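The structure appears right after this line, and notes come after that.
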Amino acid sequence: MNRTTLSALVITLLVASISIKILSYGAHSSTYPGDDDIASLLQKNGFETHKADANTDPAWTYGVRKDCRLQIANVSPQGWHRSVIEWEAVGQTLLYSADGRLYGSQPIIKPMTIHYLRRLERYMGIDAPPVRVRAIIIAPECPSNAIASTELASLS
């Protein structure tokens, strides 16, 4: 294959790749999950809810019932929020909801793999829901059954 043919092939692939991305840009779903289900779960269990300021990351949804305080947020499936979450959770119970289960530490490999596969699907124009990984911080004043673990696990 001569240089001219190779250059033409590379340019064609580049143009095709960019075109696919541009054409599918408006068609794909959000890459970050919403948090309306968090507030609904807290309210269903008798918690008064409020959200953190819009410029915080992660954006916490707080639930307060008497002395019990929970905070739940979407976190990066790649684990980018782990250190700030651990810092904020000192002296409290920290759980992660991912893949329909609760974890004591954030799972990374499976959620990250699914995140990138779904991202590839969205680039190809396939509607793929975002990966949901939620951090849950429970204050020590909360009873162990403040919210059923099955309900917390279902947040993902």
Report the FRET efficiency, 1/(1 + (r/R0)^6), for Ile108 and Glu151, where r is their Cβ-Cβ distance and R0 is 25 Å, rounded to 0.05.
0.55
Residue among Tyr123, Pro107, Ile85 farthest towards the positive dipole end of the chain, charges placed on Cβ
Tyr123
What chymotrypsin sites (Phe, Trp or Tyr not before Pro) in segment 58-156 are in a loop by DSSP, with at most 14 other Cβ atoms within 10 Å of the Cβ?
Trp80
Fully extended contour minus Cα-Cα distance, from Leu6 to Gln43, at 0.36 nm per residue:
7.2 nm
Taking alpha-carbon centroids only, segment 109-156 lies from segment 59-86 a number of Å equal to 12
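A short reminder: the numbers here are calculations on the coordinates, not readings from a lab. Remember, it's a predicted structure, so these values are computed and weren't measured experimentally. Positions of Cβ are backbone-derived with ideal geometry, glycine not excepted, and every protein chain shown enters the neighbour counts.
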